[in-house]
Structures are given as C-alpha cells and as structure tokens.
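*Asks:* Handing you a structure now.
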Amino acid sequence: MRRKLFNLLAAVSLLLCAGVAGVGVRSYWVADEFVYAALGKPGPAGRRAIEVSLTASLGGSEIAWSRLTATTPLQVEELAYAVEPLGLSHNPDNLTGEPEYPSSANNALGRFA
C-alpha cells in the first residue's frame, strides 16, 4: 500500500515538474497571465473584492494577490468595474515581436506557418 501511494505521488510530482518546465520554456515567447477575480456580497463594512494573478513571462513567474474594500456607493460602483471579468481568465500575450496575423493572412503575405 505504501509503495503504491509513493508511486502515485512520484508520478504526480513528475507531471507537475514537466508542466512547470513547459510553461517556463513557453514564457520566452508568450506571456501567460491567469487571473481569478471575485466580488463579495455587500455588508456593513462595504463590499470586498479579491484578485489573484499568476503570470509567467520571459522565463520568470509572479504571483500577485490583492484585496480591495469599497465603503461608499461610488467606490462600490468603481469596484465592480475594476475586477471585471469575474471568475478565471487567461490573457496570453505575444512576446516575439512578430505581428499576429491569422493563418490566411500569413499565406497571403507570403508567410507560411
């Protein structure tokens, strides 16, 4: 039983290591940002929002966490726009300096993907 558990944990660790290495290599060409945003329910102390972001770019990574609190009606309205979109989002960005054309435009311009 202990051997099977160890083998399972070792396999999960290997997959995690390979995934992190893949994201690290990819980050030299594409900057990936994963953002989770949530807006809390209004309460007596105001309305709260949290935002957690994981960014991989140029071989490095960053984890950022922020918590915002709005107490006045104007701040509550601004807070609702500040954390859009709610939920999990992925924002890739091209770092190669090459223009991003659709594949049909690449072929029309003489570039072949």
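We did not get these values from a lab; they are worked out from the coordinates using the rules stated. Computed from a predicted model, the values in this text were never measured in an experiment.
*Asks:* Gain in length, ALA45 to ALA11, computed as 0.36 nm per residue apart minus the alpha-carbon separation, to one decimal in nm?
*Replies:* That works out to 7.6 nm of additional length.
*Asks:* Could you tell me whether region 5-47 comes out rounded, prolate or oblate from its Cα gyration tensor? Rule is a ≥ b ≥ c as square roots of the eigenvalues, rounded for a/c under 1.5, then prolate if a/b exceeds b/c, otherwise oblate.
*Replies:* Oblate, because a/c is 1.5 or more while a/b does not exceed b/c.
*Asks:* OK, next. Classify region 1-89 as rounded, prolate or oblate, taking a ≥ b ≥ c as the square roots of the eigenvalues of its Cα gyration tensor: rounded when a/c is under 1.5, otherwise prolate if a/b is larger than b/c and oblate if not.
*Replies:* oblate
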